[in-house]
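Accompanying notes for the structure given below.
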């Protein structure tokens, strides 16, 4: 009887651990900088157009208002798990500056597959 309880307990722990694993990414993106006039004080001013937008936090807002974010790596890439749906795309900088923009401004994530998107970011003043 004790052996059966021990096996059941281990099986329960394994099942609980399996559910806590991170979900696989459903959106993978790459962000590059758009050509612009150099701006004093901009962290992007010294980077050439077409280079990776490093350490940029990209935000995804669902129709229900839920916001998820991902930070680009040194190569300008990111990946995150989003439920299927349509998302408005922004960054803290595009929300604070009317001159800053990221395109595309909308992405659609489909169930059961990885959506890949190339973004272009233009910093504002």
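The values are calculated or read from the model by the stated rules, or taken from the named source; none is laboratory data. Keep in mind that this is a model prediction, so the values were computed, not measured. Backbone-built Cβ (ideal geometry, glycine too); neighbour counts: all protein chains shown.
Residues are listed down the side, and each one gets a yes or a no for (1) modelled with pLDDT of 95 or more; (2) in contact with a helix residue (DSSP H, G or I) (Cβ under 7 Å, 6 or more places away or on another chain); (3) part of a loop (DSSP other than H, G, I, E, B):
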position	(1), (2), (3)
9	no, no, no
18	no, no, no
25	no, no, yes
30	yes, no, no
42	no, no, yes
48	no, no, yes
64	yes, no, yes
75	yes, no, yes
82	yes, no, yes
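Within region 92-109, the set of residues being out of contact with any strand residue (DSSP E or B) (no Cβ under 9 Å at 6 or more places or on another chain) and in a loop (DSSP other than H, G, I, E, B) comprises 97, 98. For region 87-114, filtering for residues that are closer than 21 Å to residue 65 by Cα and at pLDDT 90 or above leaves 16.
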